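Enquirer: Here you go, one structure.
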Amino acid sequence: MVYKFIVGSEESESFKLEIVIDAADTFMRLRNAILEAAGYSKDQMDSFFICDDDWNNEKEITYMDMGTDSDEDIWLMEDTPLEELIEDEGQKLKFVFDYMTDRYFYMRLKETMPGKSLVDPLCQRKEGKAPKESIDIDEFVPVIPKVDTTIEELGEEFYGDEEFNEEELSEFDEISSEDL
């Protein structure tokens, strides 16, 4: 069986890929086909995520085992055939290509073609320009807007009275460790 995936990006809405690959092929071969079509290097850590209908991550398929202790199964790209985790048309995936800034391509299984096979993955269609492979982390950090309100404008009611009243604190002296 052959799978046809549509790959896109929210960063560059004109960018689209259409990748066909044999269902028995691995996630690693799909990864390499996407990276080649986008013009990206293959020397970065990346992962696929199988998503639910609302794009929530469900299963991660990683480039390499990071040695984390987990009760969950670890799926490695090199060892995992696509057909093991994907079977339904419309299945949604994310391909995280930049872990530092959590940037990804969104993917959808557009079509399954039973009875067909394919030796090598193929990018059938490419539109637009892929987003930059990596961005400077300083460019990505959100800018915190400047607050125009000064402390003086907020007044005492915002922070409470400026006068210290020792009687208010005396209630705490009466609390013993047995009350806690």
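No value in this document is a laboratory result; all are computed from the given coordinates. These figures come from a predicted structure and were not determined experimentally. Here Cβ is always computed from backbone atoms with ideal geometry, including for glycine, and neighbour counts include all displayed protein chains.
Enquirer: Can you sort Asp102, Asp79 by how many other beta carbons sit within 10 Å, fewest first? Can you show the working numbers first?
Expert: Working: Asp102 9, Asp79 13.
Taking fewest neighbouring Cβ atoms as first place, the list is Asp102, Asp79.
Enquirer: On to the next question. Could you tell me which of the pairs Lys59/Lys132; Lys4/Lys92; Lys94/Lys126; Lys59/Lys129; Lys110/Lys132 are separated by over 22 angstrom between their Cα atoms in the structure shown? Write down the numbers at each step before the final one.
Expert: On the way: Lys59/Lys132 26 Å; Lys4/Lys92 12 Å; Lys94/Lys126 18 Å; Lys59/Lys129 29 Å; Lys110/Lys132 25 Å.
Checking Cα-Cα distances, Lys59/Lys132; Lys59/Lys129; Lys110/Lys132 exceed 22 Å.
Enquirer: Still on this model: HN-Hα J couplings of the stretch 29-42 from phi, Karplus 6.51/-1.76/1.60, θ = phi - 60°, integer Hz, Gly and Pro as x?
Expert: Once θ is set to phi - 60°, the couplings for the stretch 29-42 become 5, 5, 4, 4, 5, 5, 4, 5, 5, 7, x, 9, 6, 10 Hz.
Enquirer: So how compact is the stretch 1-62: Cα radius of gyration and Dmax in angstrom?
Expert: Radius of gyration, then largest Cα-Cα span, for the stretch 1-62: 12.3, 32 Å.
Enquirer: While we're looking at this one, here's another question. Output the direction-averaged projected area (hull surface divided by four) of the convex hull of the alpha-carbon atoms of the stretch 2-136, in nm². Mind showing how you got there, number by number?
Expert: Details: hull surface 33.1 nm².
Spelled out: convex hull of the Cα atoms, projected over all directions, averaged, 8.3 nm².
Enquirer: Let me ask something else. List every residue whose amide H lies under 5 Å from the amide H of Leu118, counting only residues 5 or more places away in sequence or on a different chain, with H placed 1.01 Å from N in the peptide plane.
Expert: Asp22
Enquirer: Could you put Trp55, Trp75 in order, starting from the residue whose Cβ has the fewest other Cβ atoms within 10 Å?
Expert: Working: Trp55 11, Trp75 18.
Ordered by Cβ neighbours within 10 Å, fewest first: Trp55, Trp75.
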